[in-house]
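Every number here is computed from the coordinates shown, using simple stated rules; none is lab data. Worth saying up front: this structure is predicted, and the values here are computed from it rather than measured. Glycine also receives a Cβ, built like all others from the backbone with ideal geometry; neighbour counts cover every protein chain displayed.
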Amino acid sequence: MIPLHYYLILAAILFIIGMIGVLVRRNFLTVLMSIELMLNAVNINFVAFAHYMDSMTGRIFVFFIMTVAAAEAAIGLAILISAYRNTGTTFVDEISSMKG
Amino acid sequence: MILNLLFFYFAAVIVISALFVIIKRNAFHSAVALLVTLIHIAGIFILLNSEFLAAVQILVYAGAILVMIIFVLMFLNVTQRYRMFNRQKFIAFLMGIILVGEVLYVISVSAIKGPKGDFSIAKIMSEGNTQAIGRILYTDYLFPFEVASIILLVAMIGAIVLAKKEPQ
């Protein structure tokens, strides 16, 4: 039987890798992929707790997170296409027209 | 024993390919590394006795979201000669390492206790994984289910409106 802590440590490392990816990468597509990594880390936490606490609620919530992740990816990519059409770049630090 | 070996295999591949997602220069390589990560997360779900979620993970993430990302990637045709990282990369990596240490410390000192639910492994196996999830989803969580369908509808309309060409 694998202890619950192993799953929590795996999810924490995966979440922080995704967080670093969001902070450091310039390409907007890679930033979106890093957000998917963070959402998957949360999913691992939910399923691990549901398994060890004999519950079904965590597994249900993973469905809703997947729904929101799909919606977020679709909207994010549409915004990216629109921004690329208007500015000609996909780098997050060059799309800075609202910067003071 | 074999479960332990499988867990460490899945965990190692997840962490290494997640690192490849954020350090590969070519965004297409990042997408393929993300695919490997997502499929191995489905393996973790199977270890956690959630076979239906593993199937949904492969269908939704590896099937839908990743195909959408690769489609946009080829549509935009980003050149490979560019600066990869933002200016705040050093402080971001430093904060990430500090945060890993903090989280590992908190997890190692915390004791996880709580009341057990009534879905033990034996009960889920006797009822069937998919049946158990479906019964809960359509009784106790019916309202969030409807809200999720509204979210998908809004995302569909929003994506069409945002990506449409402006009328001249």
For B:VAL13 and A:MET1, extending 7 Å from Cα along the Cα-Cβ vector and measuring point to point gives, in nm, a value of 2.7 nm
Expected sort for B:8-14, A:87-93, B:51-57 on mean C-beta neighbours within 10 Å, highest first, is B:51-57, B:8-14, A:87-93
Whole-Hz Karplus couplings 3J(HN,Hα) for segment B:114-124, θ = phi - 60° and coefficients 6.51, -1.76, 1.60, Gly and Pro as x, run x, x, 7, x, 10, 10, 6, 4, 5, 5, 4
Distance in nm between B:LEU94 and B:LEU153 label points, each 7 Å along Cα→Cβ, equals 5.1 nm
Averaged over residues of A:75-84, the number of beta carbons from other chains lying within 10 Å of each residue's Cβ is 6
Candidate cut points under trypsin sites (Lys or Arg not before Pro) in chain A, DSSP loop plus at most 10 other Cβ atoms within 10 Å of their own Cβ, are A:LYS99
Partner shielding of B:123-130, as the mean number of partner chain Cβ atoms within 10 Å, equals 1
In nanometres, the difference between 0.36 nm per residue of separation and the alpha-carbon distance of B:THR130 and B:PHE85 is 11.9 nm
Partner shielding of B:154-164, taken as the mean number of other chain Cβ atoms within 10 Å, equals 5
Percent of all alpha-carbon pairs of the protein assembly as shown at distances over 33 Å, whole number, is 25 percent
Per the charge dipole of the protein assembly as shown (beta-carbon charges, Lys/Arg positive, Asp/Glu negative, Cα centre), the residue among B:ASN129, B:ILE22, A:LEU37 reaching farthest to the positive end is B:ILE22
